[in-house]
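Below is one structure; the comments refer to it alone.
Nothing in this text is a laboratory measurement; each read-out follows from the coordinates by a stated rule. From a predicted model like this one, the values you see are computed outputs, not experimental measurements. A quick note on method: Cβ atoms are made from the backbone with ideal geometry, for glycine too, and the neighbour counts reach across all protein chains shown.
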Amino acid sequence: MSLQFDIQTLITQMATTLSHTLSQADITEPALIGVRTGGVWIAEKLSQLLTIPAPLGELNIAFYRDDFSRIGIHPTVAPSMLPFDVTDRDLVLVDDILYTGRTVRAAMNEIFDYGRPRSIHLVVLFDRGGRELPITAQVVGAHLNLQPGEHAKLTGPSPMHLEICRQRPVASAA
């Protein structure tokens, strides 16, 4: 199942909101960091729309997750790439879907291993609610209202689409 969103329009609107948010905070030289994989796709588009000259950072937070035992580890774990110093820098952390907040917490843990940024603004394409941690995005493309057992996934990168999948029930041993 897929919900119909014009993702390019959402990202354009997010760029406008982010520009205003950064201006209000007097941030003139932000650095964008995308969480692999969907966050990187979105961060690339935002960087182009906002003409941010700093190189784009990419985080692979697999080793920073606190739920390895539940989700397992992805078989192709690539290293993170932060081609700039994060210390005393204003960062924009970009992810595709904000759900429990655990991915964002893991991303911030990794960022702090590189240094202490001045600020971090969170930007997400979709907020699906269901927070387990007190994490809030400053810029959100759209809010999702999913039914129990439904999961959202961004596919792409070109074009990007949102897919909604139902979780299969776990078979019980009799």
Helix 38-50: angle to the longest alpha-carbon principal axis of the chain, degrees 0 to 90, nearest 10? 30 degrees
Do any trypsin sites (Lys or Arg not before Pro) in segment 87-174 lie in a loop, going by DSSP, with at most 13 other beta-carbon atoms within 10 Å of their beta carbon, and if so which? ARG118
Please grab the % of Cα pairs in segment 100-145 that end up more than 13 Å from each other. 60 percent
With +1 on each Lys and Arg Cβ and -1 on each Asp and Glu Cβ, how big is the dipole of the chain about its Cα centre, in debye rounded to the nearest 20? 500 debye
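Report the percentage of all Cα-Cα pairs in the chain whose separation exceeds 29 Å, rounded to a whole percent.
19 percent
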Whether segment 1-66 is rounded, prolate or oblate, judged on the alpha carbon gyration tensor where a/c under 1.5 counts as rounded: oblate
Evaluate the distance, in nm, between pseudo-label points positioned 7 Å from the Cα of LEU133 and of ASN145 along their respective Cα→Cβ axes. 2.8 nm
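Could you order the peptides 90-97, 40-47 from most to least packed, using the average number of other C-beta atoms within 10 Å per residue?
Those peptides, ordered most packed to least, come out 90-97, 40-47.
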Extending each Cα 7 Å along its Cβ direction at ILE164 and GLU29, get the distance between those two points in nm, one decimal. 4.4 nm
Want the number for GLN13 to THR37: 0.36 nm per residue separation, take away the alpha-carbon distance, what's left? 6.6 nm
